[in-house]
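The values are calculated or read from the model by the stated rules, or taken from the named source; none is laboratory data. Keep in mind it's a predicted model, so treat the numbers as computed, not measured. Neighbour counts run over all protein chains shown; Cβ positions are idealised from the backbone, glycine included.
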Amino acid sequence: MRPQPASEQWQCELIGELILRYYFLQPAPTQWVAVGLLGTETGTIFRVGCGSEPETALVDLRERLLVALSELTERSVPSRLVNCAA
């Protein structure tokens, strides 16, 4: 059985002019997951990052979001965007 968080506490930070909203999960004693939503002008990018500590999971999440943003910039069609309310 997976441990469930008592509550999801969303945190926010600015990445340039974009707002990253994220929270942490700990599915195992040595595993952390950072779940994030990055709002852009054309939609919301959803990504997760993993690590052995919350900080490393957040670093992984930021790196994945930067890749998604660079792909979005390189392509004119935003194929990886989803519209969702958090």
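Within the set of pairs 6 or more residues apart or between chains, which connect a residue that is closer than 17 Å to Ala57 by Cα inside the stretch 12-26 to a residue that is in a strand (DSSP E or B) and polar (S, T, N, Q) with Cβ atoms less than 8 Å apart?
Arg21/Gln11; Tyr22/Gln11; Tyr23/Gln11
Considering only the stretch 15-36, state which residues are farther than 17 Å from Pro54 by Cβ and either touching a His at 6+ places or on another chain (Cβ under 6 Å) or modelled with pLDDT of 90 or more (or both).
Ile19
Considering only the stretch 40-56, state which residues are touching a residue at least 12 places away in the same chain (Cβ under 8 Å) and closer than 17 Å to Glu71 by Cβ.
Within the stretch 40-56, the subset touching a residue at least 12 places away in the same chain (Cβ under 8 Å) is 40, 42-54, 56.
Residues satisfying the conditions are Thr40, Thr42, Gly43, Thr44, Ile45, Phe46, Arg47, Val48, Gly49.
Taking the stretch 24-74 as the search range and keeping residues that are assigned to a strand (DSSP E or B) and among the β-branched types (Val, Ile, Thr), which one is surrounded by the most Cβ atoms within 10 Å (Cβ to Cβ)?
Ile45
Which ones in the stretch 38-61 are modelled with pLDDT under 95 and in contact with a Leu (Cβ under 8 Å, 6 or more places away or on another chain)?
Scanning the stretch 38-61 gives Leu38, Gly39, Thr40, Thr42, Gly43, Thr44, Ile45.
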